[in-house]
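S.K.: Have a look at this one before I ask anything.
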Amino acid sequence: MLLATLYMAITGFLRLRFAFVALVELSWGAVDLRYRFDEVTRWYGGLPVYGAIANADYPPAAYATLWPLLGWLPLEPSRALWAIVVALFVVALANLVARESSARTIAERSFVVLLVFPMYAAQMTVWSGQLGIFVLALLLAALLPLARPGASAWQDAASAVLIALALVKPSITAPFLWVVLFVPGRLRPAVSTAVVYTALTFVAAMPREERIVTLMRDWLTGRSAQMPAINGHANLHKWLELLGLDAWMLPASLLAFLALGAWVYRHRRTELWTVLAVTALVARLWFHHWAYDDVLLILPMVALYRIVRRGATRDGRDVIAALSFAALWAIGLAPVRAFSFDVTPPEWVHWAVEVVQSTVWLVTLAFLLYVAERLRAELSLGGDAGQKTGTPSPSVEGGHVGRPATLTPAK
(Lines give C-alpha, C1' and ligand atoms only; values in the text may rest on other atoms or scores of the structure.)
Protein backbone atom coordinates (compact mmCIF):
# COMPACT_ATOMS: atom_id res chain seq x y z
CA MET A 1 0.00 0.00 0.00
CA LEU A 2 2.89 2.37 0.73
CA LEU A 3 4.40 1.76 -2.72
CA ALA A 4 1.02 2.19 -4.38
CA THR A 5 0.41 5.43 -2.48
CA LEU A 6 3.80 6.85 -3.48
CA TYR A 7 3.25 5.81 -7.09
CA MET A 8 -0.19 7.47 -7.20
CA ALA A 9 1.11 10.64 -5.56
CA ILE A 10 3.92 11.04 -8.11
CA THR A 11 1.83 9.98 -11.11
CA GLY A 12 -1.13 12.09 -10.04
CA PHE A 13 1.03 15.19 -9.63
CA LEU A 14 2.70 14.77 -13.03
CA ARG A 15 -0.51 13.96 -14.88
CA LEU A 16 -2.60 16.75 -13.41
CA ARG A 17 0.20 19.30 -13.75
CA PHE A 18 0.37 18.50 -17.46
CA ALA A 19 -3.43 18.52 -17.72
CA PHE A 20 -3.80 21.95 -16.14
CA VAL A 21 -1.02 23.41 -18.28
CA ALA A 22 -2.76 22.07 -21.39
CA LEU A 23 -6.12 23.40 -20.19
CA VAL A 24 -4.88 26.95 -19.62
CA GLU A 25 -1.96 27.47 -22.00
CA LEU A 26 -1.63 25.00 -24.87
CA SER A 27 -3.28 25.65 -28.22
CA TRP A 28 -4.70 22.12 -28.46
CA GLY A 29 -5.95 22.09 -24.86
CA ALA A 30 -9.48 22.80 -23.64
CA VAL A 31 -10.94 21.33 -26.81
CA ASP A 32 -14.36 20.56 -25.29
CA LEU A 33 -14.30 23.75 -23.26
CA ARG A 34 -14.00 25.69 -26.53
CA TYR A 35 -17.13 23.97 -27.83
CA ARG A 36 -19.05 24.83 -24.67
CA PHE A 37 -17.75 28.42 -24.78
CA ASP A 38 -18.92 28.80 -28.36
CA GLU A 39 -22.32 27.33 -27.55
CA VAL A 40 -22.89 29.52 -24.48
CA THR A 41 -21.76 32.61 -26.38
CA ARG A 42 -24.11 31.89 -29.27
CA TRP A 43 -26.96 30.94 -26.94
CA TYR A 44 -26.89 34.24 -25.06
CA GLY A 45 -26.12 36.16 -28.24
CA GLY A 46 -29.39 35.03 -29.79
CA LEU A 47 -27.64 32.99 -32.50
CA PRO A 48 -28.72 29.47 -33.52
CA VAL A 49 -27.10 26.64 -31.57
CA TYR A 50 -28.89 23.34 -32.25
CA GLY A 51 -28.24 22.32 -35.82
CA ALA A 52 -25.76 25.16 -36.31
CA ILE A 53 -22.93 23.59 -34.26
CA ALA A 54 -22.05 19.94 -34.74
CA ASN A 55 -21.30 19.26 -31.07
CA ALA A 56 -24.22 21.19 -29.59
CA ASP A 57 -26.01 18.30 -27.88
CA TYR A 58 -26.51 19.71 -24.39
CA PRO A 59 -30.01 20.56 -23.06
CA PRO A 60 -31.09 24.21 -22.73
CA ALA A 61 -30.70 24.21 -18.94
CA ALA A 62 -27.02 23.31 -19.36
CA TYR A 63 -26.26 26.71 -20.87
CA ALA A 64 -27.75 28.48 -17.85
CA THR A 65 -25.57 26.26 -15.64
CA LEU A 66 -22.43 26.98 -17.66
CA TRP A 67 -22.97 30.73 -18.04
CA PRO A 68 -21.27 31.72 -14.71
CA LEU A 69 -18.05 30.09 -15.94
CA LEU A 70 -18.18 30.74 -19.68
CA GLY A 71 -20.67 33.49 -20.40
CA TRP A 72 -19.13 36.76 -19.25
CA LEU A 73 -15.39 36.53 -19.98
CA PRO A 74 -13.32 36.07 -23.16
CA LEU A 75 -12.06 32.58 -23.88
CA GLU A 76 -8.58 32.81 -22.33
CA PRO A 77 -9.71 34.17 -18.93
CA SER A 78 -12.53 31.61 -19.02
CA ARG A 79 -9.94 28.85 -19.36
CA ALA A 80 -8.13 30.14 -16.26
CA LEU A 81 -11.37 30.45 -14.28
CA TRP A 82 -12.39 26.95 -15.34
CA ALA A 83 -9.00 25.59 -14.17
CA ILE A 84 -9.43 27.11 -10.71
CA VAL A 85 -12.95 25.74 -10.30
CA VAL A 86 -12.14 22.25 -11.59
CA ALA A 87 -9.13 22.08 -9.23
CA LEU A 88 -11.47 22.76 -6.30
CA PHE A 89 -13.85 20.08 -7.53
CA VAL A 90 -11.05 17.52 -7.87
CA VAL A 91 -10.07 18.12 -4.25
CA ALA A 92 -13.72 17.99 -3.13
CA LEU A 93 -14.26 14.69 -4.95
CA ALA A 94 -11.12 13.17 -3.42
CA ASN A 95 -12.28 14.28 0.04
CA LEU A 96 -15.73 12.71 -0.46
CA VAL A 97 -14.15 9.46 -1.64
CA ALA A 98 -11.83 9.28 1.37
CA ARG A 99 -14.62 10.10 3.80
CA GLU A 100 -16.98 7.46 2.42
CA SER A 101 -14.49 4.67 1.82
CA SER A 102 -14.47 3.30 5.41
CA ALA A 103 -10.68 3.65 5.43
CA ARG A 104 -9.51 3.56 9.04
CA THR A 105 -5.78 4.12 9.30
CA ILE A 106 -3.74 7.05 8.04
CA ALA A 107 -2.07 4.78 5.49
CA GLU A 108 -5.43 3.65 4.14
CA ARG A 109 -6.85 7.16 3.98
CA SER A 110 -3.73 8.39 2.18
CA PHE A 111 -4.15 5.61 -0.35
CA VAL A 112 -7.87 6.23 -0.92
CA VAL A 113 -7.68 10.02 -1.08
CA LEU A 114 -5.23 9.71 -3.99
CA LEU A 115 -7.42 7.40 -6.09
CA VAL A 116 -8.84 10.21 -8.22
CA PHE A 117 -5.67 12.14 -9.04
CA PRO A 118 -3.68 9.70 -11.22
CA MET A 119 -6.66 8.33 -13.20
CA TYR A 120 -6.30 8.77 -16.95
CA ALA A 121 -9.95 9.84 -16.94
CA ALA A 122 -9.23 12.70 -14.52
CA GLN A 123 -6.33 13.86 -16.67
CA MET A 124 -8.42 13.75 -19.85
CA THR A 125 -11.33 15.49 -18.15
CA VAL A 126 -9.13 18.36 -16.98
CA TRP A 127 -7.17 19.08 -20.14
CA SER A 128 -10.19 18.74 -22.44
CA GLY A 129 -12.52 20.85 -20.31
CA GLN A 130 -15.04 18.06 -19.85
CA LEU A 131 -17.68 17.93 -17.10
CA GLY A 132 -17.37 14.50 -15.46
CA ILE A 133 -15.59 15.64 -12.30
CA PHE A 134 -18.09 18.46 -11.75
CA VAL A 135 -21.03 16.10 -12.22
CA LEU A 136 -19.63 13.35 -9.98
CA ALA A 137 -18.81 15.69 -7.10
CA LEU A 138 -22.23 17.36 -7.30
CA LEU A 139 -24.01 13.99 -7.38
CA LEU A 140 -22.20 12.66 -4.33
CA ALA A 141 -22.75 15.87 -2.39
CA ALA A 142 -26.47 15.65 -3.23
CA LEU A 143 -27.22 11.93 -2.95
CA LEU A 144 -25.41 11.09 0.29
CA PRO A 145 -27.58 13.40 2.46
CA LEU A 146 -30.78 12.19 0.77
CA ALA A 147 -30.29 8.72 2.21
CA ARG A 148 -30.25 9.96 5.78
CA PRO A 149 -33.52 9.58 7.69
CA GLY A 150 -35.25 12.70 8.90
CA ALA A 151 -33.74 15.06 6.33
CA SER A 152 -35.33 18.49 6.45
CA ALA A 153 -37.03 20.29 3.58
CA TRP A 154 -34.03 22.61 3.34
CA GLN A 155 -31.65 19.67 2.97
CA ASP A 156 -33.82 18.16 0.25
CA ALA A 157 -33.96 21.53 -1.51
CA ALA A 158 -30.17 21.88 -1.39
CA SER A 159 -29.76 18.38 -2.84
CA ALA A 160 -32.29 19.22 -5.55
CA VAL A 161 -30.27 22.26 -6.60
CA LEU A 162 -27.07 20.19 -6.78
CA ILE A 163 -28.75 17.46 -8.82
CA ALA A 164 -30.26 20.02 -11.21
CA LEU A 165 -26.77 21.47 -11.72
CA ALA A 166 -25.36 17.96 -12.25
CA LEU A 167 -27.92 17.48 -15.03
CA VAL A 168 -25.69 19.73 -17.11
CA LYS A 169 -24.59 16.39 -18.60
CA PRO A 170 -27.68 14.14 -18.64
CA SER A 171 -25.86 11.16 -20.17
CA ILE A 172 -24.09 10.77 -16.81
CA THR A 173 -26.70 12.10 -14.39
CA ALA A 174 -29.96 10.67 -15.76
CA PRO A 175 -29.48 7.11 -14.40
CA PHE A 176 -28.95 8.54 -10.90
CA LEU A 177 -32.42 10.08 -11.00
CA TRP A 178 -33.74 6.61 -10.11
CA VAL A 179 -31.78 6.89 -6.87
CA VAL A 180 -33.37 10.28 -6.20
CA LEU A 181 -36.83 8.86 -6.88
CA PHE A 182 -36.69 5.59 -4.94
CA VAL A 183 -33.92 5.56 -2.32
CA PRO A 184 -34.92 8.40 0.06
CA GLY A 185 -38.36 6.85 0.65
CA ARG A 186 -40.10 10.18 0.06
CA LEU A 187 -41.17 12.11 -3.03
CA ARG A 188 -39.97 15.53 -1.92
CA PRO A 189 -36.41 15.22 -3.33
CA ALA A 190 -37.64 14.10 -6.76
CA VAL A 191 -40.33 16.78 -6.93
CA SER A 192 -37.90 19.47 -5.77
CA THR A 193 -35.37 18.38 -8.41
CA ALA A 194 -38.01 18.56 -11.13
CA VAL A 195 -39.06 22.05 -10.01
CA VAL A 196 -35.49 23.36 -9.86
CA TYR A 197 -34.56 21.90 -13.25
CA THR A 198 -37.72 23.30 -14.85
CA ALA A 199 -36.90 26.71 -13.42
CA LEU A 200 -33.36 26.42 -14.77
CA THR A 201 -34.75 25.61 -18.22
CA PHE A 202 -37.00 28.68 -18.11
CA VAL A 203 -34.05 30.84 -17.09
CA ALA A 204 -32.03 29.48 -20.01
CA ALA A 205 -34.88 30.18 -22.43
CA MET A 206 -35.32 33.84 -21.38
CA PRO A 207 -32.78 35.35 -23.82
CA ARG A 208 -34.05 33.19 -26.72
CA GLU A 209 -36.81 34.05 -29.16
CA GLU A 210 -37.87 30.41 -29.53
CA ARG A 211 -40.39 28.85 -27.18
CA ILE A 212 -39.22 26.29 -24.62
CA VAL A 213 -41.06 23.51 -26.44
CA THR A 214 -39.22 24.40 -29.65
CA LEU A 215 -35.85 24.47 -27.89
CA MET A 216 -36.41 21.09 -26.28
CA ARG A 217 -37.57 19.60 -29.59
CA ASP A 218 -34.52 20.96 -31.40
CA TRP A 219 -32.23 19.53 -28.73
CA LEU A 220 -33.80 16.06 -28.80
CA THR A 221 -33.96 16.00 -32.61
CA GLY A 222 -30.32 17.01 -32.92
CA ARG A 223 -29.24 14.43 -30.36
CA SER A 224 -31.14 11.65 -32.13
CA ALA A 225 -29.71 12.65 -35.51
CA GLN A 226 -26.15 12.36 -34.16
CA MET A 227 -26.73 8.94 -32.57
CA PRO A 228 -25.08 6.71 -35.22
CA ALA A 229 -21.98 8.93 -35.31
CA ILE A 230 -21.26 9.16 -31.57
CA ASN A 231 -20.51 5.60 -30.57
CA GLY A 232 -17.63 6.67 -28.33
CA HIS A 233 -15.55 4.23 -26.31
CA ALA A 234 -16.56 0.98 -24.56
CA ASN A 235 -20.32 1.42 -24.31
CA LEU A 236 -23.59 -0.05 -25.53
CA HIS A 237 -23.72 2.25 -28.57
CA LYS A 238 -20.23 1.26 -29.63
CA TRP A 239 -21.03 -2.45 -29.38
CA LEU A 240 -24.27 -2.07 -31.38
CA GLU A 241 -22.44 -0.05 -34.02
CA LEU A 242 -19.84 -2.81 -34.38
CA LEU A 243 -22.66 -5.33 -34.87
CA GLY A 244 -24.33 -3.15 -37.51
CA LEU A 245 -27.31 -2.46 -35.25
CA ASP A 246 -27.20 1.34 -35.30
CA ALA A 247 -31.00 1.60 -35.33
CA TRP A 248 -31.13 -0.10 -31.91
CA MET A 249 -28.97 2.45 -30.10
CA LEU A 250 -31.79 4.54 -28.67
CA PRO A 251 -34.16 1.61 -27.86
CA ALA A 252 -31.33 -0.31 -26.18
CA SER A 253 -30.36 2.69 -24.06
CA LEU A 254 -33.99 3.22 -23.07
CA LEU A 255 -34.34 -0.45 -22.12
CA ALA A 256 -31.16 -0.31 -20.01
CA PHE A 257 -32.41 2.86 -18.33
CA LEU A 258 -35.78 1.31 -17.43
CA ALA A 259 -34.18 -1.93 -16.26
CA LEU A 260 -31.94 0.07 -13.94
CA GLY A 261 -34.99 1.85 -12.55
CA ALA A 262 -36.68 -1.46 -11.74
CA TRP A 263 -33.48 -2.73 -10.12
CA VAL A 264 -33.01 0.40 -7.98
CA TYR A 265 -36.61 0.14 -6.79
CA ARG A 266 -36.07 -3.50 -5.78
CA HIS A 267 -32.85 -2.66 -3.89
CA ARG A 268 -33.82 0.78 -2.61
CA ARG A 269 -33.26 -0.27 1.02
CA THR A 270 -29.91 -1.97 0.59
CA GLU A 271 -26.58 -0.25 1.11
CA LEU A 272 -26.50 3.08 -0.71
CA TRP A 273 -22.96 2.69 -2.02
CA THR A 274 -23.77 -0.61 -3.70
CA VAL A 275 -26.71 1.06 -5.43
CA LEU A 276 -24.51 3.99 -6.47
CA ALA A 277 -21.82 1.65 -7.82
CA VAL A 278 -24.26 -0.32 -9.98
CA THR A 279 -25.83 2.91 -11.20
CA ALA A 280 -22.42 4.34 -12.10
CA LEU A 281 -21.48 1.26 -14.14
CA VAL A 282 -24.80 1.34 -16.00
CA ALA A 283 -24.40 5.10 -16.54
CA ARG A 284 -20.98 4.45 -18.07
CA LEU A 285 -22.22 1.68 -20.35
CA TRP A 286 -25.77 2.69 -21.32
CA PHE A 287 -25.02 5.66 -23.58
CA HIS A 288 -22.34 7.29 -25.70
CA HIS A 289 -19.24 8.05 -23.63
CA TRP A 290 -15.57 8.59 -24.28
CA ALA A 291 -12.71 7.61 -21.98
CA TYR A 292 -12.83 10.88 -20.00
CA ASP A 293 -16.18 9.78 -18.52
CA ASP A 294 -14.44 6.82 -16.89
CA VAL A 295 -14.26 9.00 -13.77
CA LEU A 296 -17.57 7.26 -13.02
CA LEU A 297 -15.55 4.16 -12.13
CA ILE A 298 -14.47 5.81 -8.89
CA LEU A 299 -17.90 4.94 -7.41
CA PRO A 300 -17.56 1.16 -7.91
CA MET A 301 -14.03 1.38 -6.51
CA VAL A 302 -15.33 2.97 -3.31
CA ALA A 303 -18.12 0.39 -3.03
CA LEU A 304 -15.66 -2.47 -3.51
CA TYR A 305 -13.27 -1.01 -0.94
CA ARG A 306 -16.12 -0.80 1.57
CA ILE A 307 -16.96 -4.47 0.96
CA VAL A 308 -13.35 -5.45 1.64
CA ARG A 309 -13.27 -3.39 4.86
CA ARG A 310 -16.26 -5.32 6.25
CA GLY A 311 -14.05 -8.37 6.62
CA ALA A 312 -14.17 -11.99 5.56
CA THR A 313 -17.42 -13.62 4.41
CA ARG A 314 -18.39 -17.22 3.86
CA ASP A 315 -19.08 -16.70 0.16
CA GLY A 316 -15.72 -15.01 -0.41
CA ARG A 317 -17.20 -11.73 -1.61
CA ASP A 318 -14.44 -9.82 0.21
CA VAL A 319 -11.80 -11.59 -1.91
CA ILE A 320 -13.69 -11.02 -5.15
CA ALA A 321 -14.21 -7.37 -4.18
CA ALA A 322 -10.46 -6.98 -3.55
CA LEU A 323 -9.60 -8.50 -6.94
CA SER A 324 -12.20 -6.36 -8.72
CA PHE A 325 -10.91 -3.25 -6.97
CA ALA A 326 -7.34 -4.09 -8.00
CA ALA A 327 -8.42 -4.55 -11.62
CA LEU A 328 -10.29 -1.24 -11.75
CA TRP A 329 -7.42 0.53 -10.01
CA ALA A 330 -4.81 -0.87 -12.42
CA ILE A 331 -6.87 0.00 -15.50
CA GLY A 332 -7.47 3.50 -14.13
CA LEU A 333 -3.71 4.10 -14.16
CA ALA A 334 -3.33 3.25 -17.86
CA PRO A 335 -1.60 5.89 -20.03
CA VAL A 336 -3.84 8.32 -21.87
CA ARG A 337 -2.34 7.37 -25.23
CA ALA A 338 -3.99 3.96 -24.92
CA PHE A 339 -7.34 5.69 -25.54
CA SER A 340 -6.38 7.98 -28.42
CA PHE A 341 -6.34 6.76 -32.02
CA ASP A 342 -4.32 9.83 -33.05
CA VAL A 343 -1.05 8.66 -31.47
CA THR A 344 0.91 5.47 -30.98
CA PRO A 345 0.50 2.60 -30.06
CA PRO A 346 -1.10 0.83 -33.05
CA GLU A 347 -4.84 0.45 -33.40
CA TRP A 348 -4.98 -3.18 -32.18
CA VAL A 349 -3.70 -2.04 -28.78
CA HIS A 350 -6.65 0.32 -28.41
CA TRP A 351 -9.07 -2.50 -29.20
CA ALA A 352 -7.30 -4.81 -26.74
CA VAL A 353 -7.57 -2.18 -24.00
CA GLU A 354 -11.26 -1.69 -24.75
CA VAL A 355 -11.95 -5.43 -24.60
CA VAL A 356 -10.15 -5.75 -21.26
CA GLN A 357 -11.96 -2.71 -19.87
CA SER A 358 -15.38 -3.89 -20.98
CA THR A 359 -14.78 -7.36 -19.55
CA VAL A 360 -13.65 -6.04 -16.16
CA TRP A 361 -16.58 -3.61 -15.97
CA LEU A 362 -19.18 -6.24 -16.85
CA VAL A 363 -17.73 -8.76 -14.40
CA THR A 364 -17.67 -6.08 -11.68
CA LEU A 365 -21.27 -5.16 -12.49
CA ALA A 366 -22.35 -8.80 -12.21
CA PHE A 367 -20.55 -9.14 -8.87
CA LEU A 368 -22.15 -5.98 -7.45
CA LEU A 369 -25.57 -7.19 -8.57
CA TYR A 370 -24.90 -10.38 -6.61
CA VAL A 371 -23.76 -8.43 -3.56
CA ALA A 372 -26.86 -6.23 -3.68
CA GLU A 373 -29.10 -9.30 -3.84
CA ARG A 374 -27.33 -10.85 -0.85
CA LEU A 375 -27.64 -7.63 1.14
CA ARG A 376 -31.33 -7.48 0.28
CA ALA A 377 -31.79 -11.07 1.44
CA GLU A 378 -29.87 -10.40 4.65
CA LEU A 379 -32.01 -7.34 5.34
CA SER A 380 -35.16 -9.36 4.78
CA LEU A 381 -33.88 -12.18 6.98
CA GLY A 382 -32.91 -9.74 9.70
CA GLY A 383 -36.35 -8.11 9.67
CA ASP A 384 -38.18 -11.43 9.83
CA ALA A 385 -35.89 -12.76 12.54
CA GLY A 386 -36.26 -9.59 14.56
CA GLN A 387 -40.06 -9.79 14.44
CA LYS A 388 -40.18 -13.48 15.38
CA THR A 389 -37.37 -13.85 17.87
CA GLY A 390 -36.49 -10.39 19.08
CA THR A 391 -33.01 -10.54 17.54
CA PRO A 392 -31.51 -7.44 15.95
CA SER A 393 -31.92 -6.68 12.28
CA PRO A 394 -28.94 -5.85 10.06
CA SER A 395 -27.43 -2.54 11.09
CA VAL A 396 -28.84 0.41 9.22
CA GLU A 397 -26.98 3.63 8.56
CA GLY A 398 -28.72 6.46 6.77
CA GLY A 399 -31.72 4.25 6.07
CA HIS A 400 -29.64 1.60 4.32
CA VAL A 401 -28.04 -1.66 5.24
CA GLY A 402 -24.59 -1.34 6.69
CA ARG A 403 -22.64 -4.37 7.85
CA PRO A 404 -25.17 -7.14 8.62
CA ALA A 405 -25.42 -7.81 12.30
CA THR A 406 -24.93 -11.33 13.58
CA LEU A 407 -28.26 -13.02 14.12
CA THR A 408 -28.38 -14.98 17.36
CA PRO A 409 -30.85 -17.82 17.86
CA ALA A 410 -33.86 -17.25 20.07
CA LYS A 411 -33.60 -18.59 23.60
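S.K.: Yes or no: the range 41-59 includes at least one residue that is within 23 Å of the chain's Cα centre (by Cα) and more than 30 Å from residue 334 (Cβ to Cβ).
M.R.: Looking through the range 41-59, at least one residue is within 23 Å of the chain's Cα centre (by Cα) and more than 30 Å from residue 334 (Cβ to Cβ).
S.K.: Residue by residue through the range 136-158, note down the ones that are of a type in the set (A, V, I, L, M, F, W, C) and in a loop (DSSP other than H, G, I, E, B). Let's see the steps before the verdict.
M.R.: Of the residues in the range 136-158, the ones of a type in the set (A, V, I, L, M, F, W, C) are 136-144, 146-147, 151, 153-154, 157-158.
Residues satisfying the conditions are 147, 151.
S.K.: Okay, next question. Any idea which residue in the range 212-236 is modelled with the highest pLDDT, counting only those that are more than 24 Å from the chain's Cα centre (by Cα) and hydroxyl-bearing (Ser, Thr, Tyr)?
M.R.: 214
S.K.: Please indicate, with yes or no, whether at least one residue in the range 265-284 is surrounded by fewer than 22 Cβ atoms within 10 Å (Cβ to Cβ), among the hydroxyl-bearing types (Ser, Thr, Tyr), at pLDDT 90 or above and in contact with a Phe, Trp or Tyr (Cβ under 7 Å, 6 or more places away or on another chain).
M.R.: Yes, that holds for at least one residue.
S.K.: Output the residue which, of all residues in the range 58-98 that are of a type outside the set (D, E, K, R) and free of Cβ contacts under 8 Å to residues at least 12 places away in the same chain, is nearest to residue 114 (Cα to Cα).
M.R.: So the residue we want is 91.
S.K.: Within the range 318-325, does at least one residue satisfy the condition of being touching a residue at least 24 places away in the same chain (Cβ under 8 Å) and surrounded by fewer than 22 Cβ atoms within 10 Å (Cβ to Cβ)?
M.R.: So far as the range 318-325 goes, yes, one or more of its residues are touching a residue at least 24 places away in the same chain (Cβ under 8 Å) and surrounded by fewer than 22 Cβ atoms within 10 Å (Cβ to Cβ).
S.K.: Among 17, 36, which is surrounded by fewer than 17 Cβ atoms within 10 Å (Cβ to Cβ) and either within 22 Å of the chain's Cα centre (by Cα) or at pLDDT 95 or above (or both)?
M.R.: Going through 17, 36 in turn, the sole match is 17.
S.K.: Further, regarding this structure: Please indicate, with yes or no, whether at least one residue in the range 157-170 is surrounded by fewer than 22 Cβ atoms within 10 Å (Cβ to Cβ) and of a type in the set (S, T, N, Q).
M.R.: Scanning the range 157-170 turns up no residue that is surrounded by fewer than 22 Cβ atoms within 10 Å (Cβ to Cβ) and of a type in the set (S, T, N, Q).
S.K.: A follow-up question, please. Among 323, 304, 328, which is the only one that is modelled with pLDDT of 85 or more, aliphatic (A, V, I, L, M) and out of contact with any helix residue (DSSP H, G or I) (no Cβ under 6 Å at 6 or more places or on another chain)?
M.R.: 323
S.K.: Let me ask something additional. Among (1) modelled with pLDDT of 90 or more; (2) surrounded by 14 or more Cβ atoms within 10 Å (Cβ to Cβ), where does residue 370 come up short?
M.R.: (2)
S.K.: Which residue, of 100, 76, 39, is under 20 Å from residue 326 (Cα atoms) and not aliphatic (A, V, I, L, M)?
M.R.: 100
S.K.: Output the residues belonging to the range 160-171 that are at pLDDT 95 or above and assigned to a helix (DSSP H, G or I).
M.R.: Passing the criteria: 160, 161, 162, 163, 164, 165, 166.
S.K.: Here's a follow-up. Surrounded by fewer than 24 Cβ atoms within 10 Å (Cβ to Cβ) and closer than 25 Å to residue 253 by Cβ: is that true of residue 125 in this structure?
M.R.: Here the answer is no, as residue 125 does not meet what is asked.
S.K.: Within the range 336-359, is there a residue that is among the aliphatic types (A, V, I, L, M), in a loop (DSSP other than H, G, I, E, B), within 26 Å of residue 22 (Cβ to Cβ) and modelled with pLDDT under 80?
M.R.: Yes, the range 336-359 contains a residue that is among the aliphatic types (A, V, I, L, M), in a loop (DSSP other than H, G, I, E, B), within 26 Å of residue 22 (Cβ to Cβ) and modelled with pLDDT under 80.
S.K.: For the range 178-208, which residues satisfy the criterion of being β-branched (Val, Ile, Thr), in contact (Cβ under 8 Å) with a residue 24 or more places away in the chain and not in a loop (DSSP other than H, G, I, E, B)? I'd like the intermediate steps shown before the answer.
M.R.: Just the residues of the range 178-208 that are β-branched (Val, Ile, Thr), to begin with: 179-180, 183, 191, 193, 195-196, 198, 201, 203.
Pick out the ones that are also in contact (Cβ under 8 Å) with a residue 24 or more places away in the chain and you get 179-180, 183, 193, 195-196, 201, 203.
Those that are β-branched (Val, Ile, Thr), in contact (Cβ under 8 Å) with a residue 24 or more places away in the chain and not in a loop (DSSP other than H, G, I, E, B): 179, 180, 193, 195, 196, 201, 203.
S.K.: Scan the range 60-93 for residues that are over 19 Å from residue 25 (Cβ atoms), more than 20 Å from the chain's Cα centre (by Cα) and surrounded by fewer than 19 Cβ atoms within 10 Å (Cβ to Cβ) and jot them down.
M.R.: The answer is 67, 68, 71, 72.
The values are calculated or read from the model by the stated rules, or taken from the named source; none is laboratory data. Worth saying up front: this structure is predicted, and the values here are computed from it rather than measured. With ideal geometry, Cβ positions are generated from the backbone for all residues, glycine too; neighbour counts draw on all protein chains shown.
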